[in-house]
1. Take region 168-216 and flag every residue that is among the hydrophobic types (A, V, I, L, M, F, W, C), surrounded by fewer than 16 Cβ atoms within 10 Å (Cβ to Cβ) and either closer than 30 Å to Phe97 by Cβ or in contact with a strand residue (DSSP E or B) (Cβ under 8 Å, 6 or more places away or on another chain) (or both).
2. Have a look at Trp49, Trp42 and point out the one that is at pLDDT 85 or above, farther than 16 Å from Gly270 by Cβ and of a type outside the set (Lys, Arg).
3. Which of the residues belonging to region 74-91 are open to solvent by 70 Å² or more (accessible area, probe 1.4 Å) and more than 20 Å from Val248 (Cβ to Cβ)?
4. Taking the condition surrounded by 14 or more Cβ atoms within 10 Å (Cβ to Cβ), under 23 Å from the mean Cα position of the chain (by Cα), under 28 Å from Glu231 (Cα atoms) and modelled with pLDDT of 85 or more, does Leu108 pass?
5. Mind telling me which of the residues Ile250, Ile275 ends up being in a helix (DSSP H, G or I) and more than 15 Å from Gly85 (Cβ to Cβ)?
6. Just one of (1) in a helix (DSSP H, G or I); (2) open to solvent by less than 90 Å² (accessible area, probe 1.4 Å); (3) not aromatic (Phe, Trp, Tyr) trips up Thr145, so point out which.
7. Give the residues of region 38-73 that are surrounded by fewer than 10 Cβ atoms within 10 Å (Cβ to Cβ) and hydroxyl-bearing (Ser, Thr, Tyr), sorted by residue number.
Amino acid sequence: MTSTTASTELRARQDKGRKAAQNKEKWAQARTYISAAVILIWCLAPAYWMVVTAFREVGFTYDTSLLPTHVTLDNFATAFDTSFGNRFGQALINSVFIGVTVTAISLLIGVFAAYALARLNFRFKFLVLGFILGASMFPGVALITPLFQLFTNIGWMGTYQALIIPNISFVLPLTVYTLTSFFREMPWELEESARVDGCTQGQAFRKVIMPLAAPAIFTTAILAFISSWNEFLIASQLSNDATQPVTVAIASFAGAQPNQIPYTAIMAAGTIVTIPLVILVLVFQRKIVAGLTAGAVK
């Protein structure tokens, strides 16, 4: 009788323990979903309101309805209208040109620099990497005055190179650091096998290393382009009406009245600027994730 009672009590305790563990797991999952929902709403709410306002008639700019009301496409036409002095269309072309140029030059330099830092042994290698990372820590506001003075002296104010070169200095450390981590995790045996098969070091790099590094390079290119696309502080001081990117063009939007801020046109322009980045990330999200995790596991 005593053993039966003990066995029953043991099973009861085990059942209670299992239920407690299941409840704990359910609460953990619930907290995860709630946290993800809060973060998602927090991040997407401003973008959602921007899109809603972009499709709203000017007379209902301050409507507090959460759903689209008084929908119109006139704001997008106004964003491209040049009658008020806005040059949004030209600014889009400028941003694409600057972003592509910055990304291409940063990758061209960054791939070779990262490979050298990861593969070659030379004195002060870690000091060089430290200087590269340290260069990215300088705040942009501290560079505006010297860059303004330098480019004024050499006649570069308002030119594309005045916008491209500072952007490269901001993007290049990210490129080098990201690719260095990837190349460092790539096994040496791959190059050695190619060299045994008759490849030179350059051929091994071009035919073996570069194809394997494609996910990391692609991810770095996306991050570099987004960083250049979103840059505002330097561009607002070093560009003019002919070379300003979209970030500066949107900030200087003018309305029909001298003191009128065209909020709906600004939101429409912001939507136009944001959509290409969203599409780019959604289309290539698998490659981006693969590049961010590449080299994490040997």
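The values are calculated or read from the model by the stated rules, or taken from the named source; none is laboratory data. Being a predicted model, the structure only gives us computed values, none of them experimental. All Cβ positions, glycine included, derive from the backbone under ideal geometry; neighbour counts span all protein chains shown. What goes into the accessible areas is simple: the full protein's heavy atoms, side chains included, and nothing from ligands, DNA or RNA. Shrake-Rupley method; radii C 1.70, N 1.55, O 1.52, S 1.80 Å.
1. Met210, Ala214
2. Working: Trp49 fails: farther than 16 Å from Gly270 by Cβ.
The unique qualifying residue is Trp42.
3. Just the residues of region 74-91 that are open to solvent by 70 Å² or more (accessible area, probe 1.4 Å), to begin with: 74, 80, 82-84, 87, 90.
Result: Asp74, single match.
4. no
5. Details: Ile250 fails: more than 15 Å from Gly85 (Cβ to Cβ).
Going through Ile250, Ile275 in turn, the sole match is Ile275.
6. For Thr145, the exception is condition (2).
7. Tyr62, Thr64
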